[in-house]
1. Looking at I109, I73, I123, which one is out of contact with any Phe, Trp or Tyr (no Cβ under 7 Å at 6 or more places or on another chain) and under 23 Å from A46 (Cβ atoms)?
2. Out of D106, D54, report the one residue that is in contact with a strand residue (DSSP E or B) (Cβ under 9 Å, 6 or more places away or on another chain), farther than 22 Å from L124 by Cβ and of a type in the set (D, E).
3. In segment 102-128, which residue that is among the small types (G, A, S) and in contact with a helix residue (DSSP H, G or I) (Cβ under 9 Å, 6 or more places away or on another chain) is surrounded by the most Cβ atoms within 10 Å (Cβ to Cβ)?
4. Can you pull out the residues in segment 22-54 that are of a type in the set (S, T, N, Q), in the same structural domain as L116 (by TED's automatic domain parsing) and not in a loop (DSSP other than H, G, I, E, B)?
5. Quick one: would you say G137 is farther than 22 Å from I53 by Cα, modelled with pLDDT under 95 and loosely packed, with under 12 Cβ neighbours inside 10 Å?
6. What helices (runs of 4 or more DSSP H) lie completely within segment 65-174 and have 3 or more residues being without any contact (Cβ under 8 Å) to a residue 60 or more places away in the chain and not polar (S, T, N, Q)?
7. Provide a single number: the residues in segment 1-52 that are polar (S, T, N, Q) and surrounded by 12 or more Cβ atoms within 10 Å (Cβ to Cβ).
Amino acid sequence: MEEFVNVGKRIPKMDAEEKVTGKAVYIQDLKIPGMLHGKILYSSHAHARIKSIDTSQAEKLPGVKAVLTGYNIPSVKFGVYKDNVPLKANKVCSLRDEIAAVAATDSEIAEEALRLIKVEYEILPAVFDPEEAMKEGAILIHEEHVGGKEKKPTNVLNLPKRKSRPMSSIFPGG
């Protein structure tokens, strides 16, 4: 069998000493002149319609440079199913869905700005059990998802089939 250089052997971590002594510098430790601090406002409901978002008080707070919501940014979809957007508008489908973002001159101001954002929700019925969510007639979380032979709304994602490849094509000689 071929001898591997690293597999099955202890490899010393180059940054171990800095980490255990507290000297390591992480991205959140960096301070750059003029740097802004961002905070996200998350939904406090698992399933709700967003009736309104009032950011006017947050925008007036000294030190706040920007307040974004799903209503004032482009709706760029991402994720495996291309059904997620950075900031939700109209509806939240999960507890802690992102609904607003604030950029401010320091972290405390950004946090205060989040507290000043007023969101009015219409609470919708939610489903928390995956087996219940898959049943016929279950509460729909993502009405735009369609599936099955009938192509009707469902909570079950219709992901495209992936082509499988033999392991030998991925790991030659394995």
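The values are calculated or read from the model by the stated rules, or taken from the named source; none is laboratory data. Quick caveat: nothing in here was measured; it's all calculated off a predicted structure. Note: ideal-geometry Cβ built from the backbone for every residue, glycine included; neighbour counts use all protein chains shown.
1. Result of the check over I109, I73, I123: I123.
2. D106
3. A113
4. S52
5. Yes: the conditions hold for G137.
6. The helices (runs of 4 or more DSSP H) meeting that bar are 107-116, 130-134.
7. Final tally of qualifying residues: 2.
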